[in-house]
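Engineer: My structure is below; once you've seen it, I'll send some questions.
The values are calculated or read from the model by the stated rules, or taken from the named source; none is laboratory data. The structure displayed is predicted, hence computed values, not measured ones. Here the Cβ is made from the backbone with ideal geometry for all residues, glycine too, and neighbour counts use every protein chain on show. Calculation scope for accessible area: heavy atoms of the full protein, side chains included, ligands and nucleic acids excluded. Shrake-Rupley method; radii C 1.70, N 1.55, O 1.52, S 1.80 Å.
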Amino acid sequence: MEDVALKLAAIGVAGIGAQWLAWRFKLPAIVLLLLAGFIAGPVTGFIDPSTDFGEIYKPVVGLAVAIILFEGGLTLNFREISETSKGVRRMILIAGPLTWLGALLAAHYVGGLAWPAAMVLGAILVVTGPTVIMPLLRSAKLSQRPASMLRWEAIVNDPIGALLAVITFEVFLATQSVNGHGAGAIILNVVSAFAFAVIIGYAAGYLLSRAFIKGLIPDYLKAPVLFTTVLALFAVSNMILEESGLLTVTVMGITLANTRIASLTEMRRFKETVTVLLVSGVFILLTAALDWETIQTLDWNALAFVVLLLFVVRPIAVTIATIRTGLTWQERLLVGWIAPRGIVAVAVAGLFGASLVAAGVEDGQRMIALTFAVVVGSILLHGFSLSPLSSALGLKTTEKPGVLLVGGSKWSTALARRLQAMEIPVTISDSNWNHLSEARLADIPVHFGDVLSEHSHHHLALNKFSTLIAVSDNDAYNALVCTDFGPEMGRSHVFQIGAYKEQSERKALSFTLGGRQLMSPGISYDELEQKTREGWTFQSTRITDEFTFEKFQDTRPEGTHVVLWRKPDGKLIPGKALEDHQPQPKDVIMSFAMAKPEKEAVKIKTEKKLPDPKLPK
């Protein structure tokens, strides 16, 4: 028992460690997870999932995949696909079957698989893996339409691919008279199970949403109720038709995502946390389950199969499916290339590979190896090519991280002008059209609406901003905005004006609310507006080895406020951080101070004042 506990702890440490390294060095997380699993399993033999965890190994993996797909379904709001709904439908209804056909032909004629294994593998490879797509989209910062296409395709196709594999396997058993079922009975069972999965998934999502809205379930139980409902529905659906549970929980997630539940954001964040843990652990487990015998079945035919699938089958299927969908050729090219496979493909291949071997198809084991080859190849190629390819095609939101200013005013307009002068993209958002008048006259991008509204969530393209500064005239609203955007952008990237941290205990907000204070000492909105009217302006100054921060302070007018400074890598540091550390050479400081008169003489400080010369009489 202690040995198993140690291995579980090692899996957790390795998984989260890989996620952190991927974030720190901007690498695809799945690549590092694959490496960790390969080292833990085939290389060192430290982890052997089948031996270490016994009969609970496969059920646990299945439940983990169900939770991952449910969390993905929670991100699919129908309002987000207003521009891509036609394309998404065609990707599922046309590109999916074409990929299945192309993959099974390639698997048989190039990969060398027998027809039963080739047909099952073709169905499995319809999936494109949300566990891989989501992290890639998060780091690549694609424009909204291609990102929406890839996200919807990945999440919806995952359970569909698993069901196709089930159908194919059942048909094979029927033709071999293994289970005694006829073709008519199989079709009836599949259609019934599909209908049951969709209906029960929708019903569960609808009933839960009504229970949440009416207060029948307390807030502290909402996430646990969701969690256990997903597990129960997955198990019940699989009793009717194996792997149909994946479709059930996905439909349930999509149903909840399109309801107006106030606490959905908090529940989604909880599920995201659980999903990160599960993705990390399951991927390491599945990779560690490989053995050298399986790996050695890979040959040049396997390489040719992977190349054919990625470079021929997928592009052709997407090209045909996206005809007359309104997508540009750049978007069609990107979507046709990006199709990494992930956990669901590996898990389903492992399940049916073993079942095919048991049914007398020896290629079942080789099918697992080919699936891993596709997963590794697609992750490496697509993971490292998405960002440069999207840049080359002009499908990134912006090359540089932008700043979102919440609140229009004279001061925020002046701040936006200085940010633009520093080549930092900036947008000002306000729900009052008059507050945006000066910004519009200055040709500064604006967003008319409340950033907390659902409309802004779907139309503001928040993924192009890395920093938010709340600068409205309402301190409480500023704190609310920073609290809401903190988990999404990161607490260290949301700031607000005001001296709310320095108020009395009766007026000060809790330290858990709001963002980081922008300047020190804190200045209120009214003071900033008054100083702007008096002629105070923003200035940017580069710190060098010769012109140090101390010299900068000596040359500034009295009362100068350091608003923020930019590091060479583009990161913005608030002026409040001066309490802990100072700008270094190559940093650019943005300050707010009284403008100097144009003909002001330069004053030189001296240690000793010289006497006035005597004038001749």
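Engineer: Which whole-number percentage describes the relative contact order of the chain, with Cα contacts under 8 Å and a sequence gap of 6 or more?
Structural biologist: Values: 941 pairs, mean separation 85.9, N = 617.
RCO, the chain: 14 percent.
Engineer: Please report, in cubic angstrom per residue, the volume enclosed by the convex hull of the alpha-carbon atoms of the chain. Don't skip to the end; give the middle numbers.
Structural biologist: Values: hull volume 131.4 nm³, N = 617.
That works out to 213 Å³ per residue.
Engineer: If you don't mind, another one. With r defined as the distance between the Cβ atoms of W329 and E558 and R0 fixed at 45 Å, what FRET efficiency is calculated, to the nearest 0.05? Present the calculation step by step, with values, prior to reporting the outcome.
Structural biologist: Values: r = 59 Å, r/R0 = 1.31.
With a Förster radius of 45 Å, E is 0.15.
Engineer: Grab the DSSP H runs of the chain that are 4 residues or longer, score each as -39,500 (n - 2.57), total them, divide by all residues and round the 222 nm result to the nearest 500 deg cm²/dmol.
Structural biologist: Details: 25 runs with 351 residues, N = 617.
That comes out to -18500 deg cm²/dmol.
Engineer: Long-range amide H contacts for L113: which residues qualify at under 5 Å (H placed 1.01 Å from N, peptide plane, sequence gap of 5 or more or a different chain)?
Structural biologist: Amide H neighbours of L113: H108.
Engineer: Points 7 angstrom from Cα along the Cβ direction at K400 and T44: gap in nanometres?
Structural biologist: 4.4 nm
Engineer: Rounding to the nearest 20 debye, state how big the charge dipole of the chain is about its Cα centre with +1 on each Lys and Arg Cβ and -1 on each Asp and Glu Cβ. Provide the component values of the computation, followed by the final result.
Structural biologist: Numbers: 54 positive and 52 negative charges, 400 e Å.
Dipole of the chain, to the nearest 20 debye: 1920 debye.
Engineer: Amide H of V446 versus every other amide H placed in the peptide plane: which residues, excluding those fewer than 5 positions away on the same chain, fall under 5 Å?
Structural biologist: Amide H neighbours of V446, under 5 Å, 5+ apart: I428.
Engineer: Please compute the net charge surrounding D526, taking Lys and Arg as +1 and Asp and Glu as -1 over other residues with Cβ under 14 Å from its Cβ.
Structural biologist: Values: positive: K410, K531, R533; negative: D473, D475, E527, E529, E534.
Surrounding charge for D526 is -2.
Engineer: Another one. Calculate how steeply helix 144-175 sits against the longest principal axis of the alpha-carbon atoms of the chain, using the helix alpha-carbon long axis, and give the answer as 0 to 90 degrees to the nearest 10.
Structural biologist: The answer is roughly 10 degrees.
Engineer: Could I ask something else about it? Just to be sure I understand the model, the point goes 7 Å from the Cα along the line to the Cβ. What's the resulting L513 to Q584 distance in nm?
Structural biologist: For L513 paired with Q584, the spin-label model returns 3.7 nm.
Engineer: Now for a separate question. So, R0 is 22 Å and r is the distance between the beta-carbons of T548 and D569; what FRET efficiency does that work out to, to 0.05? Each step should come with its number before you reach the end.
Structural biologist: On the way: r = 21 Å, r/R0 = 0.93.
Efficiency at R0 = 22 Å is approximately 0.60.
Engineer: Moving to a separate point now. Rounding to the nearest 10 and keeping the result within 0 to 90°, find how far the Cα-based axis of helix 244-257 lies from the longest principal axis of the chain.
Structural biologist: Tilt of helix 244-257: around 30 degrees.
Engineer: Could I ask something else about it? Multiplying the sequence separation of D473 and T319 by 0.36 nm and subtracting their Cα-Cα distance, what value in nm do you get? Please list the in-between numbers first.
Structural biologist: On the way: separation 154, 0.36 × 154 = 55.44 nm, distance 5.10 nm.
50.3 nm is the gain from fully extending D473 to T319.
Engineer: Could you grab the relative contact order for region 214-349? Cα pairs under 8 Å, six or more apart, rounded to a whole percent. Present the calculation step by step, with values, prior to reporting the outcome.
Structural biologist: Details: 45 pairs, mean separation 23.8, N = 136.
It comes to 17 percent, rounded to a whole number.
Engineer: Give me the net charge for the shell around T51: Cβ to Cβ below 12 angstrom, other residues only, Lys and Arg +1, Asp and Glu -1. Before the final figure, lay out each step's value.
Structural biologist: Numbers: positive: K7; negative: D3, D48, D52, E55, D291.
In short, -4.
Engineer: Still on this structure, I have one more. If you count only protein heavy atoms with a 1.4 Å probe, what accessible area per residue comes out for the chain, rounded to a whole Å²? Let's see the in-between values first.
Structural biologist: Numbers: 29880 Å² over 617 residues.
That works out to 48 Å² per residue.
Engineer: Ignoring ligands, DNA and RNA, please state the percent of accessible area on the chain from carbon and sulfur, probe 1.4 Å. Write out the running numbers ahead of the final one.
Structural biologist: On the way: 18260 of 29880 Å².
Carbon-and-sulfur percentage of accessible area, whole number: 61.
Engineer: Still on this structure, I have one more. Which of the listed residues, P49, V357, T532, is farthest toward the dipole's positive end in the chain, when Lys, Arg count +1 and Asp, Glu count -1 at the beta-carbon?
Structural biologist: T532
Engineer: Let me have the relative contact order for region 199-264, percent, based on Cα pairs under 8 Å that are six or more residues apart.
Structural biologist: Values: 49 pairs, mean separation 31.9, N = 66.
Contact order relative to length: 48 percent.
Engineer: Now a separate question. Just list whichever of K86/K400; K86/K464; K26/K586; K464/K576 have alpha carbons separated by over 29 Å in the model shown.
Structural biologist: Numbers: K86/K400 31 Å; K86/K464 25 Å; K26/K586 23 Å; K464/K576 25 Å.
Among K86/K400; K86/K464; K26/K586; K464/K576, the Cα-Cα distance tops 29 Å for K86/K400.
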